[in-house]
Amino acid sequence: GIIKNKTIDQVSVIYNTNRIAYYPQEYSAVLDGKGHFSIAFAVPKKTHTEVTLRYSGQAAEMIVRAGDSLVLTTDGAHFDSSLHYAGRGAAVQNMLAKHALQFGKTQVYVVRVKEAINKNPKDFLGDINQLLKEELAFTEKNKAGLPPAFIKYWNAWHQYFNYFMMQQYPRAHETIVLRRQTDTIPETNNLPV
């Protein structure tokens, strides 16, 4: 890759290949005088691996597959807004860069869904369904060039998180209401069917 107008001389990637526990793997590279760098790392075959590229307090999300060969170009002074990828797997990374500008990083979705836990069951479901609808619409609008396997993965990730939070809602909502842990959950916290 190349980082124009570099502010520091190092870039790193961090990712986890273990689906059960978090054992981060990190690789770094030094930028040359013109901002060029190269990092090679192995990821599991036949799966998507979430990778974070870190540079000077900035972070770019990537979702890679074995065999991807990416070339990143960005401006160190305008990191997020100037990210561009070329090479094998670039369509996915460019979509993620665009997504980050419009919606934020993927973890922002997690935060937005968690914020809905403060609401009553009906409004909670309405909010998280609306968030999912927005994500699916974004994917549909930006799917040109994306591999079908990635679209399926991306949409399933958001759907899964909604289901996960639906399971957590009754207890989490009551904890927020009471501002403490409890083992008693009122029936009013049950989500409508």
With respect to Glu140, determine if the residue is under 30 Å from Thr49 (Cβ atoms), of a type outside the set (Gly, Ala, Ser) and open to solvent by 60 Å² or more (accessible area, probe 1.4 Å). yes
So which of Ala86, Ala77 is closer than 17 Å to Pro147 by Cβ and surrounded by fewer than 17 Cβ atoms within 10 Å (Cβ to Cβ)? Ala86
Being outside any loop (DSSP other than H, G, I, E, B) and within 30 Å of Glu187 (Cα to Cα) narrows Ala86, Ala137, Ala116 down to just Ala116
Please name all residue pairs, on different chains or six or more residues apart, with Cβ atoms under 6 Å, provided the first residue is in the range 166-188 and is without any contact (Cβ under 8 Å) to a residue 60 or more places away in the chain and the second residue is part of a helix (DSSP H, G or I) and open to solvent by 60 Å² or more (accessible area, probe 1.4 Å). Ile176/Asn118; Ile185/Arg171
Can you confirm whether the range 3-20 contains a residue that is at pLDDT below 95 and either of a type in the set (A, V, I, L, M) or at positive phi (or both)? yes
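Quick grid of which residues meet (1) under 17 Å from Leu83 (Cα atoms); (2) open to solvent by 50 Å² or more (accessible area, probe 1.4 Å); (3) assigned to a loop (DSSP other than H, G, I, E, B); (4) in contact with a helix residue (DSSP H, G or I) (Cβ under 6 Å, 6 or more places away or on another chain):
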{"residue": "Val11", "(1), (2), (3), (4)": "yes, no, no, no"}
{"residue": "Ile20", "(1), (2), (3), (4)": "no, yes, yes, no"}
{"residue": "Ser28", "(1), (2), (3), (4)": "no, yes, no, no"}
{"residue": "Ser38", "(1), (2), (3), (4)": "yes, yes, yes, no"}
{"residue": "Ala42", "(1), (2), (3), (4)": "no, yes, yes, no"}
{"residue": "Lys45", "(1), (2), (3), (4)": "no, yes, yes, no"}
{"residue": "Val51", "(1), (2), (3), (4)": "yes, no, no, no"}
{"residue": "Met62", "(1), (2), (3), (4)": "yes, no, no, yes"}
Over the range 115-134, the set of residues among the basic types (Lys, Arg), out of contact with any helix residue (DSSP H, G or I) (no Cβ under 7 Å at 6 or more places or on another chain) and without any contact (Cβ under 8 Å) to a residue 60 or more places away in the chain is Lys133
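The values are calculated or read from the model by the stated rules, or taken from the named source; none is laboratory data. Computed from a prediction, not measured in an experiment: that's the story for all the values here. Ideal geometry is used to build each Cβ from the backbone, glycine not excepted, and the neighbour counts take in all protein chains shown. In case anyone asks, the SASA skips ligands and DNA or RNA and just uses the protein heavy atoms, side chains included. Shrake-Rupley method; radii C 1.70, N 1.55, O 1.52, S 1.80 Å.
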